[in-house]
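What follows is one structure encoded as structure tokens, with my remarks underneath.
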Amino acid sequence: MQRKATTVDQYLASLPEDRRAALSAVRDVIRKNLDGDYEEGMQYGMIGYYVPHTVFPAGYHVDPKQPLPFASLASQKNHMAVYLMCVYGQPEQEQWFREAWAKTGKKLDMGKSCVRFKKLEDVALDVIGEAIRRVPAKKYIAHYTSVIQRPEKKKAPAAAKGKPAAKRKPAAKKRAK
């Protein structure tokens, strides 16, 4: 559920007290463990943590005007969520995250990058903090750029040999009855 807030303080102030307290606690853990090259602000209607253009000028490949997203916090309709791009698409990080969470005894409700929760007691704050701490901005940028680089296109076999493409036969005309 996107909100119209333009600052983190506005976003938090717009929430019911229980959600404000829960997201504030998760926010405190993220900020405590966040590498200095990341910044906090509003991104995509959520509290975002991202690599600013001053550190990574190329920005987010989907929208280069946006800084590179790293993590987000949101209050959705039926739950709250922390989005961890540092876990998404990195099998070794995801495996570590799932195993560390399991050791806490808390149930993990996770999609590809989002960890959903209904109350603060459901969150393994120490695991969230460690997930953030494990991926400094330079490491995150290196992984990100290695993943988004497009491999060179291979030429089609006929085109590679300089042969013209095969011609299709025209469709037969239907006879009028």
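Points to keep in mind about this one:
- Put the Cα centre of segment 17-53 next to the Cα centre of segment 77-133 and the gap is 15 Å.
- Solvent exposure of segment 42-89 as accessible area per residue, Å², 1.4 Å probe: 40
- Cα shape, segment 1-151, gyration tensor, a/c 1.5 rule: oblate
- Value of relative contact order over segment 31-137, rounded to a whole percent, pairs C-alpha under 8 Å and six or more apart: 25
- Lysine pairs meeting the criterion (Cα under 14 Å, 8 or more apart or interchain), as found in segment 26-119: 6
- Glu17, Glu40, ranked by accessible area, largest first (probe 1.4 Å): Glu17, Glu40
- Dipole magnitude of segment 8-149 about its Cα centre (Cβ charges: Lys, Arg +1; Asp, Glu -1), debye to nearest 20: 240
- When the residues Trp96, Trp101 are ordered by accessible surface, computed with a 1.4 Å probe over the protein chains alone, the sequence from largest down reads Trp96, Trp101.
- With every protein chain in place, segment 33-152: carbon and sulfur % of accessible area (1.4 Å): 53
- A DSSP coil position with no more than 15 other Cβ atoms inside 10 Å describes the following GluC sites (Glu not before Pro) in segment 68-154: Glu152.
The values are calculated or read from the model by the stated rules, or taken from the named source; none is laboratory data. Keep in mind that this is a model prediction, so the values were computed, not measured. Backbone-built Cβ (ideal geometry, glycine too); neighbour counts: all protein chains shown. To get the accessible areas, we keep the full protein, side chains included, count just its heavy atoms, and leave off ligands, DNA and RNA. Shrake-Rupley method; radii C 1.70, N 1.55, O 1.52, S 1.80 Å.
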